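Student: The following block contains the structure, expressed as structure tokens.
Throughout, read-outs are computed from the coordinates displayed, never taken from laboratory work. Here the structure is a predicted model, which means the values were calculated and not measured. We place every Cβ from the backbone using ideal geometry, glycine too, and count neighbours over all the protein chains shown.
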Amino acid sequence: MPTEDIAGQFLGANIVLLLLAAFIILAIFLGVRIVPQSQKYVVERFGRLQSVLGPGINFVIPFIDRVAHRISILERQLPNASQDAITRDNVLVQIDTSVFYRILEPEKTVYRIRDIDGAIATTVAGIVRAEIGRMDLDEVQSNRSQLIAQIKSSVEDAVDAWGIEVTRAEILDVNLDQATRDAMLQQLNAERARRAQVTEAEGTKRAVELNADAELYAAEQAAKARRIQADAEAYATEVVARAIADNGLEAAQYQVALKQVEALTKLGTGAGNQTLVLPANALDAFADAFSMLRGKPK
């Protein structure tokens, strides 16, 4: 066999081996898929869903399976959105919302909805209007956390078929038109004035009650004093009556004469004591008193 033919056959064999090695390397390259931690790959086979590859090393059939979609599973935030809504008491408000979500099932997200962000934004706008329509303006302002929880729950139910999870739904602000703000300010001022009047009236009422209590206390103390004085006089009368009962009429005459003497003594020690005018029977009172002292029963 000529040398040229041998060399040609050897060269052809080497080319085949090189092509085979290249094919094997390419098959390995196409058959091994390394998925990052923050992503999931959707694999199709002949245009149909074959599998979803999770983070790490995965194997597919080269030249038959292909990665059709690379989906990030990180939490996402929709752009802040504003929508008008009317409350149950017919007040027009503008609600600023923000929604956070993440994709849990990429096969649902890529095959059931085209624009996931736009779909979620539209759903949130409708739910916000519906929830605001069930509440008065005061409830919207005071129960914002409850409203956020209701919106989040409703959004989760609506987007469940898209393979996503709504992690947070926030109401950033509730804006009112200028006319409504002016009306609310007037109402607030009126409420403050009413509270001030109520407080003043309660203070006046309390002062009257305290004055009445003080007068009642004074009356009670005066009544107690009169009762004590009456008890003392009754006791003195009882003592005199007992003395009369025990000692007879002489004891009573003795007490009367003694009182007369005490009265004359006070009259003599008072102002203008240089001249003393005595009643006609004054000396008889002294005489009776002294005679009774001498004859006072022991």
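Student: Any idea what % of Cα-Cα pairs in region 178-245 are farther than 21 Å?
Tutor: Tail of P(r) above 21 Å: 63 percent of Cα pairs.
Student: In addition: Net charge around VAL60, counting only other residues with Cβ within less than 9 Å of its Cβ (Lys, Arg = +1; Asp, Glu = -1)?
Tutor: +2
Student: So, in nm, how far is label GLU170 from label ALA212 when the simple model puts each one 7 Å beyond its Cα toward the Cβ?
Tutor: Modelled inter-label distance: 5.7 nm.
Student: How would you classify region 16-67 from its alpha-carbon gyration tensor, with a ≥ b ≥ c the square roots of the eigenvalues: rounded for a/c under 1.5, else prolate if a/b is greater than b/c, otherwise oblate?
Tutor: Oblate, since a/c reaches 1.5 and b/c is not below a/b.
Student: Determine ³J(HN,Hα), in whole Hz, for all residues of region 37-52 in sequence, where each value follows from phi through the Karplus function 6.51 cos²θ - 1.76 cosθ + 1.60 and θ = phi - 60°; x replaces Gly and Pro.
Tutor: Here the 3J(HN,Hα) series is 4, 8, 9, 9, 10, 9, 9, 10, 10, 6, x, 10, 4, 9, 6, 10 Hz.
Student: I'd like to know which of LEU172, ALA130, GLY118 lies farthest towards the positive end of the charge dipole of region 76-176, counting +1 on Cβ of Lys and Arg and -1 on Cβ of Asp and Glu.
Tutor: GLY118
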